[in-house]
Amino acid sequence: MELDVIHDMAFDHSGFLWLGGETLDIRTIILSDKKLSLQRFDGQTFHTIPLPYFEKKLLSVGQVYQRKDGKFYILANGQEQALMLFDPLSMVFTKIKLGNNKFLAEAISKVFSYNNKDYILTQKDREITLNVLKSNLELIPLFSFEFKDGKYLLDNSTQFIPFEKFILIGDDNFPLIAMDWEGNKLKQYSVASFSRDRIANMNKFWITEAFQKGGAYYTFMNQSNLLHKIDEDKIDITSLRGNSLPGPNNKFVVDSLSNEIICSREGNDLVIRSFDATNGFQELFRDDIFDETSGFELESKNVNEHLWVGTTNKELHYYRFPSSKVINYLPTKSIRTIASVKDSTFLIATETDGWYYLDKATNEIAPYNLIENGKPLKPYSSRNIIVEDEIIWSNSKGNILEINKLTNEVLAYRHFPVICMEKPNDTTIVYGTVGYNLMSFNTKTKKHEKLVATDSLFVYDIEINDNLLVGATDKGVLTYHLKTKETAFYDASKVGEDAFMLMVDYHPDYGFLLGTRSGNILSYSPDDGMFTTVYRDALQAGIATILFEEDNWYINTFNGFVSFDPKNETVTRFSDKDGFSNNEANRYSALKTNDGLFVGTIKGLNFFKPSDLTSLSNNSRLVLLKLRSYSESEGRITNVFDRNVLDSLKTIVLPSEHKEMEIDFSLTHNTQDSKNSFSYRLGEEDWIDLKQKQSIRFPNLAAGKYRLELVAKDFSGNRIGVPMILQIHSKDFFYKTWWFYLIVTFAIALLLLYFLKQAIVRKKLQEQFSHEMMRSQEVERTRIAKELHDSVGQQLTLIKKKAQNSQLPEITHLTHNALEEVRGISRGLFPTTLKQLGLSESIEQLVYTMDEQSEMFFSSEIDVIDMHFDETATLHIYRFIQESLTNVIKHSEAKTVVIKVLRKERTVFIHINDNGKGFVASDRLLNKSFGLKSMAERIKMLRGVLSIDSRAGSGTRITAKIPTEK
């Protein structure tokens, strides 16, 4: 809290508490740039909202007044005074013109309400004007008046008390005056008390506080501890004798239900009282909160339940009044056990502060004084009180106590610290210890006796039924039969995962019930030695005590009080918000009576009737208070406080360049409870615990769409209020968006299609070029073959004939050889046999010729394939085989060559294998060798597949696979 002094408080429609006052850093004598501010309190956090700028410095807020529409009038004081309308949702201040078209006035009063109209007093020079303050912020003057004597100035202490026929106006600067609604003076009170010539002990007669009760107005007057009443008929103010308060510093507060209480400062104490005309003042509460100079202000939505007190020494106090459904006793004491004495009287043992006697009929409680050897005895940590006709048995730490009910005299029998104790019969007390023994004490012989060695155990509680004792220990369950002395122990392997037992009780239907440290209740059946879990606490809070009321169990835990129906397993949890003095129950300190249930806690004893106990409804909800993010319209990081805007947000959009986001949030209508915690998650991810932190910051939220879910939890971990769900869209960079990827993919696809098309075109061009080259080659070969045959051949033939005629045998022989060679070349260039013999026989003829012309041995297997290929394809096949065999003869140095042309279904296979020296058949060699490249091109033109398998020294295997055309 930044305010050093609180002058006024008010709740808004969301249940937030607004505070106005002053900060000591903002004073005329201090040079400071700090601005005067309001503060909003949501139960956990104070938020500061600066007031707007005025020409003259404002020093304090004197009034925070709520209109019916939920907006506030804010009265600010300084060298001059200002009035503003403030919207707690939009956080917008609107300055109000106070006369002469100015926003600052010489002096104004607070805003007052009467008959659905708002009024304000303004002052210029000596003239005071009563105005109606319209909802549109226009001031409508009703009348004006002034005083002839003295100096006066309106301020926050000015009182305006309206009645049907007249108005009372006054403060500490001018006499109290009664005027009608036309501005006519009806009466003036104690004018002499404002005279500069008044006697020293005469106090000014002015109203400091006024409140309405039962249709009548009551007032507190300056420096008077008497209550006064305004007589409307006589227009008079009279003191009420017998209705006085110890001190003059008294204030009242009226809640929204028109209930009121009166608070007084008496020394350092705040005293809260109720008032009615019949019984006068009734004290309700008292607390030491003040120092020597403290003043205070009050606010409450329901004075029967709670009160906020703001002081002038930087303190804000919250008081929750005892519930009418849960009665609290000894609220500062740790309760250890309770026992019924008779009828409606009870003995209460505290942990360290002795015993108390409670008369439930009158609710009177007083110390129960014990005496040992003539000296006062204050029992310590009593674990049970056993009331008999004339004797009370109990313990004080390691002593068994025997108390005479008539004299309160105590006899103590010391042995070992007692942790728990029960009295199963007239002469025996059994008690448990820590690390010692399970013990018995004989009330006749006064002797302690060991029953079972429990030196490794903490025996926290025992219960006895039908001579069977069941003990709750820190390591499991101990059983002992008082008659047979049989003992058994059940550790974690028998009782379950949590063997740390805190308490044990007996139920006629469920048998022995044992409560564990982790919040489980186990049912133990002695007949079969089986343990069954009948309750698991949602908060895993340790079980302190159990009370049974009809079909319900009241399970008192270390974190709240649970109503449990074991038949349908319904659970309702209660806490201090429902009127209990504390949430942590104490072991051994629960008692069922005819009228209701007692439950002891570490701070206070509680009594309630189960039928009256209902869980309070919660109308709170989580709301956004601030959004910090990048505004694309403003081009900067902005803070949005306007709840109208925040509440209407459907989606928070974060631009790709600025993915930072921070939100502040709060729970409405929950200022009274500061124990809430918060959790959030994005989508279906794990919940993140914020504890009591009320802000979430994402420094760089990854791109995507998110669902932010925020929940509030109470002390018990149960969700409260309406959760908040926000949709967040964190934009990605354009080059990471789906549409960008789509465009890029489309562009790449187009580019690939272009390249593919170009490749296809290039391939077609290459194929066309190959075809053209092959065709040109064949044309050229045909031409050359024809030239060789028609020209060179004819010339050689003529030479041969002349040589023969001239009988030149040597020339004739040479010419003959040349002629045969030319004819061979011609046939190689253009195989005329293809047309004469067909493809298959031409291949056989080619093989035969190769065999004849070389020393290699050729073998062949040729299927008839002529009918499957046209003329062009036939030529390509022939040329392929011809080129292959030529390469074999030229390069292979083979001994044998095998040629196979086989047809299988719609495919022709050509195999040419030799056993020559072979070569490395690399892609590079295939591309460099014109012959091999030509062979590959021919097979490719036939839509076939060519493979060449060759290794150095291992021969060569050429295979062509050609689909048939027909």
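The values are calculated or read from the model by the stated rules, or taken from the named source; none is laboratory data. In this text the structure is predicted, and so the values were computed from the model without any measurement. Heads up, the Cβs are rebuilt from the backbone with ideal geometry, glycines too, and the neighbour counts pull from every protein chain shown. Ligands, DNA and RNA are excluded from the accessible area calculation, which covers all protein heavy atoms including side chains. Shrake-Rupley method; radii C 1.70, N 1.55, O 1.52, S 1.80 Å.
Would you check which residues across the range 99-121 are open to solvent by 20 Å² or more (accessible area, probe 1.4 Å) and of a type in the set (A, V, I, L, M) and list them?
L104
Take the range 406-420 and flag every residue that is touching a residue at least 40 places away in the same chain (Cβ under 8 Å) and either touching a Ser or Thr at 6+ places or on another chain (Cβ under 9 Å) or within 27 Å of D505 (Cβ to Cβ) (or both).
Result: V410, A412, I419, C420.
Return the total of residues in the range 251-274 being crowded, with 16+ Cβ neighbours inside 10 Å and either on the phi > 0 side of the Ramachandran plot or of a type in the set (K, R) (or both).
Going through the range 251-274 one residue at a time, the tally reaches 3.
Go through the range 715-738 and give me each residue that's open to solvent by 20 Å² or more (accessible area, probe 1.4 Å), under 17 Å from the mean Cα position of the chain (by Cα) and modelled with pLDDT under 90.
F715, G717, N718, R719, G721, V722
Tally the residues that are in a strand (DSSP E or B), open to solvent by 40 Å² or more (accessible area, probe 1.4 Å) and either hydrophobic (A, V, I, L, M, F, W, C) or in contact (Cβ under 8 Å) with a residue 60 or more places away in the chain (or both), restricting the search to the range 202-224.
The qualifying residues number 1.
Of the residues I199, I177, which single one is hydrophobic (A, V, I, L, M, F, W, C) and in a strand (DSSP E or B)?
I177
Specify which of the listed residues (T311, T352) is surrounded by fewer than 16 Cβ atoms within 10 Å (Cβ to Cβ), within 43 Å of the chain's Cα centre (by Cα) and of a type in the set (S, T, Y).
T352
Within the range 324-376, considering only strands (runs of 3 or more DSSP E) that don't extend past its boundaries, which have at least 3 residues that are farther than 25 Å from D612 by Cβ?
The qualifying strands (runs of 3 or more DSSP E) are 364-368, 370-372.
So which residues in the range 655-674 are assigned to a loop (DSSP other than H, G, I, E, B) and among the β-branched types (V, I, T), if there are any at all?
T668, T671
Going through the range 369-425 one residue at a time, which ones are at positive phi and under 53 Å from the mean Cα position of the chain (by Cα)?
S381, K397
Checking the condition open to solvent by 20 Å² or more (accessible area, probe 1.4 Å), closer than 21 Å to V571 by Cα and over 42 Å from the mean Cα position of the chain (by Cα), which residue from D509, D505 passes?
The conditions single out D509.
Give the residue, chosen from A361, A366, A277, A339, that is closer than 20 Å to D595 by Cα, over 40 Å from the mean Cα position of the chain (by Cα) and exposed (fewer than 14 other Cβ atoms within 10 Å of the Cβ).
A361
I'd like the full set of residues that are closer than 10 Å to V61 by Cα, open to solvent by 20 Å² or more (accessible area, probe 1.4 Å) and in contact with a Phe, Trp or Tyr (Cβ under 9 Å, 6 or more places away or on another chain), limited to the range 1-45.
Result: D8, single match.
Considering T28, T48, which residue is free of Cβ contacts under 8 Å to residues at least 60 places away in the same chain, among the hydroxyl-bearing types (S, T, Y) and closer than 30 Å to K713 by Cα?
T48 is the lone residue from the list that is free of Cβ contacts under 8 Å to residues at least 60 places away in the same chain, among the hydroxyl-bearing types (S, T, Y) and closer than 30 Å to K713 by Cα.
What do you reckon, is V470 closer than 14 Å to G529 by Cα and either free of Cβ contacts under 8 Å to residues at least 24 places away in the same chain or part of a strand (DSSP E or B) (or both)?
Yes; evaluated as a whole, the condition is true for this residue.
Can you name every one of the helices (runs of 4 or more DSSP H) wholly within the range 839-952 that holds 1 or more residues which are of a type in the set (S, T, Y)?
Where helices (runs of 4 or more DSSP H) fall fully within the range 839-952 and carry at least 1 residues being of a type in the set (S, T, Y), they are 839-853, 871-887, 930-941.
For the range 524-564, name all the residues that are open to solvent by 20 Å² or more (accessible area, probe 1.4 Å), more than 22 Å from L591 (Cβ to Cβ) and in a strand (DSSP E or B).
Within the range 524-564, S525, M530, F531, T532, T533, V534, R536 qualify.
For the list (1) among the small types (G, A, S); (2) open to solvent by less than 20 Å² (accessible area, probe 1.4 Å); (3) farther than 30 Å from A541 by Cα, I need the number of the one condition that A703 fails.
The one condition A703 does not meet is (2).
Looking at I272, I289, can you tell me which residue is of a type outside the set (D, E), within 40 Å of the chain's Cα centre (by Cα) and more than 18 Å from E209 (Cβ to Cβ)?
I289
Can you tell which of K325, K333 is among the basic types (K, R) and open to solvent by less than 60 Å² (accessible area, probe 1.4 Å)?
K333
Working only within the range 594-634, note down all residues that are among the acidic types (D, E) and part of a loop (DSSP other than H, G, I, E, B).
D595, E632, E634 - these are the residues of the range 594-634 that are among the acidic types (D, E) and part of a loop (DSSP other than H, G, I, E, B).
Check off (1) at pLDDT 75 or above; (2) assigned to a helix (DSSP H, G or I); (3) open to solvent by 30 Å² or more (accessible area, probe 1.4 Å) for Q807 and give me the number that stays unchecked.
(2) is the only condition that Q807 fails.
With the structure loaded, tell me whether F93 is at pLDDT 95 or above, over 25 Å from F160 (Cα atoms) and open to solvent by 20 Å² or more (accessible area, probe 1.4 Å) or whether it fails that test.
The answer is yes for F93.
Residues are listed down the side, and each one gets a yes or a no for (1) open to solvent by 30 Å² or more (accessible area, probe 1.4 Å); (2) of a type outside the set (D, E); (3) at pLDDT 90 or above; (4) over 30 Å from G15 (Cα atoms):
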site	(1), (2), (3), (4)
T593	no, yes, yes, yes
G600	no, yes, yes, yes
K603	yes, yes, yes, no
D612	yes, no, no, no
L616	yes, yes, no, no
N619	yes, yes, no, no
L625	no, yes, yes, no
N644	yes, yes, yes, no
